[in-house]
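Below you'll find the structure, written out as structure tokens, and then a few comments.
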Amino acid sequence: MSVLNVVLPLGSSVLSFVFAALVFDQWWQRRHAFQLVWAIGLLWYGISAGSEFLGGAFGWTEGLYRVWYLIGAFFVAAYLGAGTIYLLAKSRFGYFAGVTVLIGGALSLLFSHIDAKGTTTPLYPGAGTAGTIAFVIATAGGIAIIAATALRRPLAAHIAMTVLIVGSVAVAYMTINAPLPAPGWAVDPTTHVPVGSGYPGYLRVLTGPFNIAGALCLVFGAIYSAYVYMPKQRVLPARLGVLAIIPNFFASLPGAIRALFRGELNSRVPATLLIALGAFIPGVTSGLNRFGVTWSFFLGEFLGVVLIFGGFLVSEEVFRTSRFRLGLGQRRAEG
């Protein structure tokens, strides 16, 4: 067993708990919903990584494996993504959030009927009914979020959170009670990284609307926030909405880099870009883990929380609101 299987999850867990405490402290002062939801998501991150540390250091048990799968496969990305929906509740981001829920449901349906190579053998055998139910619920939830964004934007985040909480209760019950073959957990025989193959296909297929929607909201929400605060170079008119954001974002990057070196760039731009990268990396390594590529799982998880935490620390707003006054903020105050 590699020492990295112990050190990396431990580092991810400790850093996540510290990060969660700082974000919760911000919420305690300002009482913004996105801060509370992010703090919960980071708490899930710490518990998930902590279970990996305990499993790597002391051996896996059935209870530990159930905790790891429930929180890591369903809760972490979903709650962090929900926090982003709350952050951008006054914008049109709810349209994107609703579409990501639809995509997650569609992929659940797809994987429950065909495999990743497009054959008629499903990726998760026996999950046809579960995939169909996930698709129906995700479709209803996604449409409701989109409709709320069109009619009353702040309501979209509340709808997304309600769907998430109800779904969390349902999958928690299923994860706790699902039958597991002996020995009660599953790890990759070569890397000893935990894998979800111990769970039946009908449960594994349900992770799509949670993970995919959450990760996409976190990544693209951060990119959108960076675009809002960077100097703009528009190659497409703003009236095209979301279709204009990506090309305009890349067109604006050179100007943002120049502003950074001149010390004129809003701190939220590098902060949110670090968050986007930090969300993207574990999203990729977690997806690879699902398909049997496990060597990068712990590394991606650790790099993800380090980059997201770095983005949090880069933002000047952190030091205006934090009562801890550590590091960069303290030096600025003393200067």
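The values are calculated or read from the model by the stated rules, or taken from the named source; none is laboratory data. Because the structure is predicted, anything quoted here is derived from the model rather than measured. Because the Cβ atoms are built from the backbone with ideal geometry, glycine has one as well, and the counts that use them run over all protein chains shown. Heavy atoms of the whole protein, side chains included, go into the accessibility calculation; ligands, DNA and RNA do not. Shrake-Rupley method; radii C 1.70, N 1.55, O 1.52, S 1.80 Å.
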- Item | Residue count for segment 217-236, restricted to those that are open to solvent by 50 Å² or more (accessible area, probe 1.4 Å) and closer than 20 Å to GLY311 by Cα | 5
- Sort out which residues of segment 97-112 are of a type outside the set (Gly, Ala, Ser) and within 25 Å of ILE223 (Cβ to Cβ), and write them in order of number. VAL99, THR100, VAL101, LEU102, ILE103, LEU107
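Would you mention how many residues in segment 48-105 are charged (D, E, K, R) and either modelled with pLDDT under 95 or surrounded by 24 or more Cβ atoms within 10 Å (Cβ to Cβ) (or both)? Talk me through it step by step, then tell me what you get.
Here is the first cut: in segment 48-105, the residues charged (D, E, K, R) are 52, 62, 66, 90, 92.
Now drop any that are not either modelled with pLDDT under 95 or surrounded by 24 or more Cβ atoms within 10 Å (Cβ to Cβ) (or both), which leaves 52, 90, 92.
Going through segment 48-105 one residue at a time, the tally reaches 3.
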- Task: Give, as residue ranges, the helices (runs of 4 or more DSSP H) completely inside segment 162-280 that count at least 1 residues that are more than 21 Å from TRP44 (Cβ to Cβ) and of a type in the set (A, V, I, L, M).
- Result: 207-229, 242-261
- Message: Can you say whether PRO122 is more than 26 Å from LEU87 (Cβ to Cβ), open to solvent by 80 Å² or more (accessible area, probe 1.4 Å) and at pLDDT below 95, as far as the supplied structure shows?
- Response: no
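Filter segment 137-187 for residues that are among the basic types (Lys, Arg) and open to solvent by less than 80 Å² (accessible area, probe 1.4 Å) and give the result.
Of the residues in segment 137-187, the ones among the basic types (Lys, Arg) are 152-153.
Passing the criteria: none in range.
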- Any chance GLY304 is under 24 Å from THR84 (Cα atoms), in a helix (DSSP H, G or I) and at pLDDT below 90: no
- Select, from ARG290, ARG239, the only residue that is more than 19 Å from PHE93 (Cβ to Cβ), open to solvent by 30 Å² or more (accessible area, probe 1.4 Å), modelled with pLDDT under 85 and of a type outside the set (Ser, Thr, Tyr). ARG290
- Message: Suppose the filter is closer than 13 Å to ALA73 by Cα, within 19 Å of the chain's Cα centre (by Cα), open to solvent by less than 50 Å² (accessible area, probe 1.4 Å) and at pLDDT below 90; does GLY196 pass it?
- Response: no
